[in-house]
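The values are calculated or read from the model by the stated rules, or taken from the named source; none is laboratory data. The model shown is predicted, which means the values in this text are computed figures rather than measured ones. Note that we place each Cβ from the backbone using ideal geometry, even for glycine, and neighbour counts take in every protein chain shown.
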Amino acid sequence: MYSITTNNLTYRFNGKETVLSDINLQVPTGSIYGFLGPNGAGKTTTLRLILGLLKKQDGEINIFNQPFEKNRIDILRKTGSLIESPSLYAHLSAKENLAILQKVYQCKHSRIEEVLKIVGLENTGKKSTGKFSLGMKQRLSIAIALMHEPELLILDEPTNGLDPNGIIEMRELLKQLNKDLGMTILVSSHLLAEIEKMVTHVGIINKGKLIFQGTMGELHEAQHQQSFMCFETGNVEKSKEVLKTNGIQFQQEGSQLHMPVLERELIASINKQLVEQDIKVYQISIVKNDLESIFIDLVK
Amino acid sequence: MQLINSIKSEWLKTRKSAASWLCLIGGLFIPLIFLIGFLYNGETLSTYGEVENVWTAHFFQVWQSMVVFLLPMGLILATSLITQMEFRNNTWKQLHTTPQPYYVIFWAKFIVIIGMTLQFFFYFNLGFLLSGIIPSLVVDKQLPDATFPYSQFFTSNWKIFVTCLPVLALQFLISLRFKNFLVPIGVGLMLLVATLILVGNWEHVYLSPFSYSPLTMMGTPETMKDINIYNWSCYYFITFMVISYLMYIRKAEKG
């Protein structure tokens, strides 16, 4: 069951320049879905389309299994969002900003204190939000998104402007909301490292196209498939002969020979053959690509 | 109900805002000048001399100083400040992701602008009353003798308010359309100044939506005797509001 699905979502700026092409997003209910891509890949455009901030051109958007356009009010009643930079009335305090939303959502007044406590801004008093640091503004924006206890949270780069501690706190907060309240969270970022410890699912977008979508397990599988073995010896040419006689495909990278990960017994056997031929063996290792390298490879 | 909640929410945004200060200071400014003038010279409403009713004379004197330039300018500034608040704070996207129909957002915002204008009228009339009463109490140690012309007071206020509507609607339209704060202010002031130059010199000046407030006090010249400026105010108001609404609803990018 999915909280958000898009079918062939396509968007062109000024009807010409294609910025999104056939995006088929599937955000499972109860998941934390990391929406990854470099700057300008189309993340914000996708999220703005999902929230109705941009007029849909081609494709379908379904949220809670309902078409967005026909059920906008019902869907937004259950959705909290933060798109790009914080949206706050600079001349008002944190409480006054939240009171504006409290009137619209008709939630209890005590909810203002609750959400301020959740994001750690309960002691800001009458200070106007215009005087807040970017991190404080970002946290208050999260509080605004949480005001009506939504089922779905859509956050566009929520860690922008946060210091390392703030990033960790935000990560913990989102994990807690997901775990305790079962909130489905769609969070975009351009840094995999920033969200890989938190998300259950991931979608990678580049140049307006969704190039990977799956669970974190599936991404780790891709990581495993991209691992390789590395042999470094004193005589590359003779080593190549040994590998050929054993029927192993390899690639030469300078003084190293790269190949798919071999069985333990085969590694030992090749090592023995090399030593018997008086070839010095300096290194036999398995090189594992980290997720960041996979992400970079995917978006190249 | 949703509209009422939305209006309450929009009204909260005006707290401590430049527009609310403008409304308070702008409303009390001219009456305060009169009050200071009376007290400084030790005068009261009787200074208007042999007139039918000193309150009426005072009312027109105070309003005349206001309607020609300060009132339209205040409307231009306040409407632009309130409407542009969303652009300035980058909050259109926040507002448009709340579960409110677009027509509710649109009308709640405009009703708040109307509310601010009424608040301005309240401050101005309060100032007007005090500028008449206080000097009498201080100098003559009693309230003014003249009967207060309630009917004329309310009718004139209503008429002036009607002439404000096309200006409010036009400024609302421009402020919704353009992100740059200078555009609605610039266009508004340019039209106002052009109208004031033409008001005594051009027989078709009634075509300008900014001409009706000055014409209320200055009186319509003979060449415009068949023109009902209040009807024209309403026509312009309805036209501008329809255009604003269609433009707002059809906007492809909502934040």
Checklist entry - away from chain A (no Cβ under 14 Å) and closer than 23 Å to B:Met116 by Cα, is that true of B:Thr79? => result yes
Checklist entry - In region A:88-142, how many are more than 13 Å from every other protein chain (Cβ to nearest Cβ), among the polar types (S, T, N, Q) and not in a helix (DSSP H, G or I)? => result 3
Item to check | Where B:Ile197 falls short, out of the listed (1) free of Cβ contacts under 8 Å to residues at least 12 places away in the same chain; (2) assigned to a loop (DSSP other than H, G, I, E, B) | outcome: (2)
Checklist entry - Under the condition of being part of a loop (DSSP other than H, G, I, E, B) and out of contact with any strand residue (DSSP E or B) (no Cβ under 8 Å at 6 or more places or on another chain), which residue from region A:143-160 is nearest to A:Gly52 (Cα to Cα)? => result A:Glu149
Next on the checklist: Given the condition under 15 Å from B:Gly74 (Cα atoms), of a type in the set (Phe, Trp, Tyr), touching a helix residue (DSSP H, G or I) at 6+ places or on another chain (Cβ under 7 Å) and surrounded by 14 or more Cβ atoms within 10 Å (Cβ to Cβ), answer yes or no: does some residue in region B:194-211 qualify?
Outcome noted: yes
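Looking only at region B:178-187, decide whether some residue is closer than 30 Å to A:Asn14 by Cβ, part of a helix (DSSP H, G or I), among the small types (Gly, Ala, Ser) and free of Cβ contacts under 8 Å to residues at least 40 places away in the same chain.
yes
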Checklist entry - Residues in region A:172-191: is at least one among the β-branched types (Val, Ile, Thr), assigned to a helix (DSSP H, G or I) and farther than 23 Å from A:Ile294 by Cβ? => result no
Checklist outcome for this item: For region A:259-278, pairs from a residue that is of a type in the set (A, V, I, L, M) to a residue that is at pLDDT below 90, with Cβ under 7 Å and 6 or more apart or across chains, are A:Met259/A:Phe228; A:Met259/A:Met229; A:Val261/A:Ser227; A:Val261/A:Phe228; A:Val261/A:Met229; A:Val261/A:Ile286; A:Leu262/A:Met229
Item to check | Those residues of region A:43-67 which are facing chain B (nearest Cβ under 8 Å) and in a loop (DSSP other than H, G, I, E, B), in sequence order | outcome: A:Leu51, A:Gly52, A:Leu53, A:Lys55
Checklist entry - For B:Gln61, are the conditions met, namely being over 20 Å from the mean Cα position of the chain (by Cα) and part of a helix (DSSP H, G or I)? => result no
Item to check | Complete set of residues in region A:1-17 that are assigned to a strand (DSSP E or B) and loosely packed, with under 14 Cβ neighbours inside 10 Å | outcome: A:Asn8, A:Phe13, A:Glu17
Checklist entry - Could you list, in sequence order, the residues of region A:68-83 that are surrounded by fewer than 18 Cβ atoms within 10 Å (Cβ to Cβ), facing chain B (nearest Cβ under 8 Å) and more than 20 Å from A:Gly182 (Cα to Cα)? => result A:Ile73
Checklist outcome for this item: Only unsatisfied item for A:Gln249, checking (1) of a type outside the set (A, V, I, L, M); (2) without any contact (Cβ under 8 Å) to a residue 24 or more places away in the chain; (3) in contact with a Gly (Cβ under 6 Å, 6 or more places away or on another chain), is (3)
Checklist outcome for this item: When region B:1-49 is checked residue by residue, the ones that are among the basic types (Lys, Arg) and in a helix (DSSP H, G or I) are B:Lys8, B:Lys13
Checklist entry - Consider A:Asp163 against the criteria (1) under 30 Å from A:Ala41 (Cβ atoms); (2) within 13 Å of chain B (Cβ to nearest Cβ); (3) of a type in the set (Asp, Glu): it satisfies all of them except one. Which criterion is unmet? => result (2)
Checklist entry - Just wondering, is there one or more residues in region B:146-159 that are outside any helix (DSSP H, G or I), loosely packed, with under 14 Cβ neighbours inside 10 Å and on the phi > 0 side of the Ramachandran plot? => result no
Item to check | Test for B:Ile249: is it within 14 Å of another protein chain (Cβ to nearest Cβ), closer than 30 Å to B:Gln94 by Cβ, in a helix (DSSP H, G or I) and at pLDDT 90 or above | outcome: yes
Checklist entry - For region A:69-113, what are the residues that are touching a helix residue (DSSP H, G or I) at 6+ places or on another chain (Cβ under 6 Å) and among the β-branched types (Val, Ile, Thr)? => result A:Ile83, A:Ile100, A:Val104, A:Ile112
Next on the checklist: I'm checking my understanding of the structure. Among residues of region B:7-31 that are without any contact (Cβ under 8 Å) to a residue 40 or more places away in the chain and at the interface with chain A (Cβ under 9 Å from one of its Cβ atoms), which one is surrounded by the most Cβ atoms within 10 Å (Cβ to Cβ)?
Outcome noted: B:Leu12
